[in-house]
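The values are calculated or read from the model by the stated rules, or taken from the named source; none is laboratory data. A quick note: this is a predicted structure, and the numbers were derived from the prediction, not measured. A quick note on method: Cβ atoms are made from the backbone with ideal geometry, for glycine too, and the neighbour counts reach across all protein chains shown. Keep in mind that these areas ignore ligands, DNA and RNA; they rest on the heavy atoms of the full protein, side chains included. Shrake-Rupley method; radii C 1.70, N 1.55, O 1.52, S 1.80 Å.
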Amino acid sequence: MTVESTAARKPRRSAGTKSAASASTTGTKSAASRSAGAAAKKSPAATGGEPELVQLLTPEGKRVKDATYDPYVADITPEELRGLYRDMVLSRRFDAEATSLQRQGELGLWASMLGQEAAQIGSGRATRDDDYVFPTYREHGVAWCRGVDPTNLLGMFRGVNNGGWDPNGNNFHLYTIVIGSQTLHATGYAMGIAKDGADSAVIAYFGDGASSQGDVMEAFNFGAVYNAPVVFFCQNNQWAISEPTERQMRVPLYQRAQGFGFPGVRVDGNDVLACLAVTKWALERARSGEGPTLVEAFTYRMGAHTTSDDPTKYRADEEREAWEAKDPILRLRAYLESANHADEAFFAELEAESETLGKRVRDVVRAMPDPDHLAIFENVYADGHALVDEERAQFAAYQASFADAGEGK
């Protein structure tokens, strides 16, 4: 399949930009102009149809060729393909277990990645150990690829810690709840490593909703101006909570890169091979000094935005069912089976591993100790503060009053 890269395209004049005076002097529109106007009205952004994108595996699991991106996965082995499948299956199982734990009252909230496994595993496996990753709060599959223990992702959602892992241990930043702000952090970090002369890159994850935030646009601008080695990876799951993409933007999201002077590519976000290839290409550009790239992974959020959300109130069942037919895991499994790269023994063994992971996640979460109630007062000021000391003492007395009341009964 082909791809439109904004680096190679010339800007188009949008319909309706010609002034009234200009229109009066030119008379009637030419046939070519009318044709262009009709095409604009029938664009994917306007009709809801799927735009052209990079695809290496069809929804049926058929391998298709792409001259630009095939070289980035040309040497992939059957073992590595099985590894990608395993990554997606286990990260989905972890995600499902976390959702169940929240429903059982073990977590305060959970943001599911259901349906976005290919975008996350493909892009995550494209990174090197020395690259730095800046996630939002839904990149559970990317965390898996970076070697972060999945149970460490749950402490914050259980309310027992402020993150759960050392960001520098895996070059994987803590989850960022403030929408879009991590793109600025990523750009600044990329500018820094460029000045240090490091041979590494940065990748920042965000969603289609976050792309409407000013922070993201500012990150695009600084990344472009300073030629920062950063890849902006947008998982366009088509719903910013209850707001569909057609109410957020008038053009395909990847085209926004054109206005900032760097390439934008739209990739099939349910195709793990295509996500792997395109991200490898973008990271290679960054490392070689060619600056930022915007990758839009066109995918779908099959579940709720978070466990506090009910998508049935704003989304049709038919839409979800259509995307379930493009399931990224079923797609790769079909390819593995048709190419004789995996047998039933492999799938059975993986199912057993999935059960083991699910049990471990449940056991670890339920055994997490409650935090020290006074820890909230730590690290507020570098050198301490009299007011904080006073508040700590007041809170300690308040906590102690419950114990005293219990003893008095």
Quiz item: So for the chain, what are the equivalent ellipsoid semi-axes in whole Å, largest first, each being the square root of 5 times an eigenvalue of the Cα gyration tensor?
Solution: 40, 28, 22
Quiz prompt | Pairwise FRET efficiency - Asp199 versus Gln248, Cβ, R0 = 35 Å, nearest 0.05 | solution = 0.45
Quiz prompt | Accessible area in square angstrom per residue, the chain, 1.4 angstrom probe | solution = 49 Å²
Quiz item: Per the Kirkwood definition applied to all pairs of different Cα atoms, how many angstroms is the hydrodynamic radius of the stretch 56-106?
Solution: 13.5 Å
Practice problem: Let me have the relative contact order for the chain, percent, based on Cα pairs under 8 Å that are six or more residues apart. | Solution: 22 percent
Quiz item: What is the spin-label model distance, in nm, from Glu390 to Asp343 if the labels are put 7 Å beyond Cα along the C-beta direction?
Solution: 7.5 nm
Quiz item: In the stretch 266-309, carbon and sulfur make up what percent of the accessible area (probe 1.4 Å)?
Solution: 42 percent
Quiz prompt | Kirkwood Rh in Å, taken over the stretch 103-262 so that all alpha-carbon pairs contribute | solution = 16.3 Å
Quiz item: Rounded to the nearest 500, what is the chain's calculated 222 nm mean residue ellipticity when only DSSP H runs of at least 4 contribute -39500 (n - 2.57) each, over all residues?
Solution: -14000 deg cm²/dmol
Exercise. Quote to one decimal, in nm, the extra length available between Asp370 and Thr356 on full extension: 0.36 nm per residue of separation minus the C-alpha distance between them.
Key: 2.5 nm
Self-check item: the stretch 290-409, Cα convex hull volume normalised per residue, Å³
Solution: 325 Å³
Self-check item: Point-to-point label distance, Val380-Asn168, nm (Cα→Cβ direction, 7 Å offset)
Solution: 2.7 nm
Self-check item: Translational D in µm²/s for the stretch 203-334 (Stokes-Einstein at 4 °C, 1.567 mPa s, Kirkwood Rh from C-alpha pairs)
Solution: 83 µm²/s
Practice problem: Quickly work out the Val64-to-Val178 label distance, labels modelled 7 Å from Cα along the C-beta direction, and quote it in nm with one decimal. | Solution: 4.1 nm
Quiz prompt | Between 0 and 90°, nearest 10: helix 272-287 axis offset from the chain longest Cα axis | solution = 90 degrees
Quiz item: Using a probe of 1.4 angstrom, how much of the accessible area of the stretch 157-248 is carbon and sulfur, in percent?
Solution: 48 percent
Exercise. Go through 121-134, 263-276, 153-166, 341-354 and give me the packing order, highest mean Cβ count within 10 Å leading.
Key: 263-276, 121-134, 153-166, 341-354
Exercise. First measure r as the distance between the Cβ atoms of Glu319 and Ser100, then evaluate 1/(1 + (r/R0)^6) with R0 = 25 Å and state the FRET efficiency to the nearest 0.05.
Key: 0.55
Practice problem: Relative to the longest principal axis of the C-alpha atoms of the chain, give the angle of the C-alpha long axis of helix 386-407, reported between 0 and 90° and rounded to the nearest 10°. | Solution: 60 degrees
Quiz item: In degrees between 0 and 90, to the nearest 10, how far off the longest principal axis of the chain does helix 31-41 point, with axes built from Cα atoms?
Solution: 20 degrees
